[in-house]
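Comments concern the structure below.
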Amino acid sequence: MTAPDLTQLPAIPKDDAGPVFREPWEAQAFAMAVALSERGMFTWKEWASYLADEIAAARARGEVDDGSRYYHYWLAALEKLVANKGLVETDELLTRKDAWDHAARATPHGQPIVLPRRP
(Lines give C-alpha, C1' and ligand atoms only; values in the text may rest on other atoms or scores of the structure.)
Protein backbone atom coordinates (compact mmCIF):
# COMPACT_ATOMS: atom_id res chain seq x y z
CA MET A 1 0.00 0.00 0.00
CA THR A 2 1.06 3.56 -0.57
CA ALA A 3 1.56 6.01 2.25
CA PRO A 4 -1.31 8.42 2.94
CA ASP A 5 -1.12 11.78 1.23
CA LEU A 6 -0.68 14.16 4.17
CA THR A 7 -1.17 17.16 1.89
CA GLN A 8 -4.88 16.27 1.78
CA LEU A 9 -5.18 16.82 5.53
CA PRO A 10 -5.96 20.28 6.84
CA ALA A 11 -3.41 21.79 9.22
CA ILE A 12 -1.61 18.59 10.25
CA PRO A 13 1.21 19.42 12.69
CA LYS A 14 4.41 18.32 10.90
CA ASP A 15 8.03 19.10 10.32
CA ASP A 16 10.37 18.05 7.49
CA ALA A 17 10.39 14.46 8.78
CA GLY A 18 6.60 14.13 8.88
CA PRO A 19 3.81 14.34 11.48
CA VAL A 20 4.64 15.73 14.92
CA PHE A 21 2.94 14.37 18.03
CA ARG A 22 2.79 15.95 21.50
CA GLU A 23 1.52 12.82 23.27
CA PRO A 24 1.71 9.06 22.56
CA TRP A 25 -2.08 8.83 22.11
CA GLU A 26 -1.84 11.26 19.20
CA ALA A 27 0.57 8.95 17.37
CA GLN A 28 -1.69 5.99 18.15
CA ALA A 29 -4.76 7.78 16.76
CA PHE A 30 -2.78 8.73 13.67
CA ALA A 31 -1.61 5.13 13.21
CA MET A 32 -5.14 3.75 13.61
CA ALA A 33 -6.48 6.01 10.86
CA VAL A 34 -3.60 5.11 8.54
CA ALA A 35 -3.96 1.37 9.22
CA LEU A 36 -7.72 1.37 8.68
CA SER A 37 -7.31 3.29 5.44
CA GLU A 38 -4.57 0.94 4.26
CA ARG A 39 -6.89 -2.00 4.98
CA GLY A 40 -9.51 -0.46 2.71
CA MET A 41 -11.98 0.47 5.44
CA PHE A 42 -12.19 4.00 4.02
CA THR A 43 -10.32 6.11 1.50
CA TRP A 44 -7.83 8.73 2.57
CA LYS A 45 -9.91 11.35 0.76
CA GLU A 46 -12.96 10.25 2.77
CA TRP A 47 -10.88 10.47 5.97
CA ALA A 48 -9.67 13.97 5.09
CA SER A 49 -13.28 15.06 4.57
CA TYR A 50 -14.32 13.82 8.04
CA LEU A 51 -11.35 15.58 9.61
CA ALA A 52 -12.06 18.82 7.74
CA ASP A 53 -15.67 18.67 8.93
CA GLU A 54 -14.53 18.20 12.52
CA ILE A 55 -12.14 21.15 12.30
CA ALA A 56 -14.85 23.30 10.71
CA ALA A 57 -17.26 22.38 13.52
CA ALA A 58 -14.64 23.42 16.09
CA ARG A 59 -14.18 26.76 14.35
CA ALA A 60 -17.95 27.24 14.28
CA ARG A 61 -17.96 26.67 18.06
CA GLY A 62 -15.40 29.47 18.34
CA GLU A 63 -12.41 27.29 19.22
CA VAL A 64 -9.05 28.90 18.52
CA ASP A 65 -7.09 27.06 15.82
CA ASP A 66 -3.63 27.10 17.42
CA GLY A 67 -2.88 23.45 16.59
CA SER A 68 -2.98 22.23 20.18
CA ARG A 69 -6.30 20.41 19.73
CA TYR A 70 -5.63 19.00 16.28
CA TYR A 71 -5.49 15.37 17.38
CA HIS A 72 -8.60 15.81 19.51
CA TYR A 73 -10.35 16.64 16.24
CA TRP A 74 -8.53 13.73 14.58
CA LEU A 75 -9.83 11.31 17.19
CA ALA A 76 -13.38 12.70 17.04
CA ALA A 77 -13.34 12.34 13.25
CA LEU A 78 -12.03 8.78 13.52
CA GLU A 79 -14.73 7.85 16.01
CA LYS A 80 -17.45 9.24 13.75
CA LEU A 81 -16.06 7.59 10.63
CA VAL A 82 -15.71 4.10 12.13
CA ALA A 83 -19.17 4.38 13.68
CA ASN A 84 -20.74 5.56 10.40
CA LYS A 85 -19.00 2.76 8.52
CA GLY A 86 -20.23 0.21 11.05
CA LEU A 87 -16.66 -0.81 11.91
CA VAL A 88 -17.48 -0.57 15.59
CA GLU A 89 -20.75 -0.45 17.46
CA THR A 90 -21.45 2.86 19.20
CA ASP A 91 -21.92 1.10 22.56
CA GLU A 92 -18.55 -0.64 22.20
CA LEU A 93 -16.88 2.64 21.31
CA LEU A 94 -18.35 4.35 24.37
CA THR A 95 -17.38 1.42 26.59
CA ARG A 96 -13.76 1.56 25.36
CA LYS A 97 -13.63 5.35 25.77
CA ASP A 98 -14.81 4.99 29.36
CA ALA A 99 -12.27 2.21 30.00
CA TRP A 100 -9.51 4.36 28.52
CA ASP A 101 -10.52 7.36 30.64
CA HIS A 102 -10.60 5.25 33.80
CA ALA A 103 -7.23 3.64 33.02
CA ALA A 104 -5.64 7.01 32.23
CA ARG A 105 -6.84 8.53 35.49
CA ALA A 106 -5.63 5.52 37.49
CA THR A 107 -2.17 5.43 35.91
CA PRO A 108 0.65 7.27 37.69
CA HIS A 109 2.28 10.06 35.68
CA GLY A 110 5.00 8.78 33.39
CA GLN A 111 3.75 5.21 33.36
CA PRO A 112 2.20 3.54 30.31
CA ILE A 113 -1.57 3.33 30.28
CA VAL A 114 -2.78 -0.23 30.08
CA LEU A 115 -6.35 -1.05 29.17
CA PRO A 116 -7.86 -4.19 30.67
CA ARG A 117 -8.50 -6.96 28.18
CA ARG A 118 -12.02 -7.23 26.90
CA PRO A 119 -13.91 -10.34 28.07
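The values are calculated or read from the model by the stated rules, or taken from the named source; none is laboratory data. The model shown is predicted, which means the values in this text are computed figures rather than measured ones. Don't worry about glycine lacking a Cβ; one is built from the backbone with ideal geometry, like all the others, and counts go over all protein chains shown. Each accessible area value is taken on the protein alone, full model and side chains, heavy atoms only, with ligands, DNA and RNA left out. Shrake-Rupley method; radii C 1.70, N 1.55, O 1.52, S 1.80 Å.
Exactly which GluC sites (Glu not before Pro) in region 32-119 are in a DSSP loop and have at most 15 other Cβ atoms within 10 Å?
Of the GluC sites (Glu not before Pro), the ones in loops of region 32-119 whose Cβ has at most 15 other Cβ atoms within 10 Å are E63, E89.
Tell me, what % of the accessible area of region 30-119 is carbon and sulfur with a 1.4 angstrom probe?
Answer for region 30-119 is 54 percent, counting heavy atoms of protein chains only.
Which value, in Å², gives the accessible area per residue of region 53-104 when a 1.4 Å probe is used on the protein heavy atoms?
For region 53-104, the solvent-accessible area averages 61 Å² per residue.
Using per-residue counts of other Cβ atoms within 10 Å, averaged over each peptide, order 65-71, 110-116 from highest down.
Most protected by this proxy first, the peptides run 65-71, 110-116.
Students often forget the sequence filter, so: which aspartates and glutamates lie under 20 Å Cα-Cα from K97 once same-chain residues fewer than 8 apart are removed?
The qualifying aspartates and glutamates are E23, E26, E54, E79, E89.
In a Debye calculation with equal point scatterers on the alpha-carbon sites of region 11-111 and no solvent, what is log10 I(q)/I(0) at q = 0.22 Å⁻¹?
Here the Debye-derived log intensity ratios amount to -1.35.
Let me cross-check L87: its accessible surface, 1.4 Å probe, with only protein heavy atoms counted, in Å² to the nearest 10?
Accessible surface of L87 is approximately 70 Å².
For region 30-43, in order, what is each residue's ³J(HN,Hα) by Karplus, 6.51 cos²θ - 1.76 cosθ + 1.60 with θ = phi - 60°, in whole Hz (x at glycine and Pro)?
Here the 3J(HN,Hα) series is 4, 5, 5, 5, 4, 4, 5, 5, 4, 7, x, 6, 6, 7 Hz.
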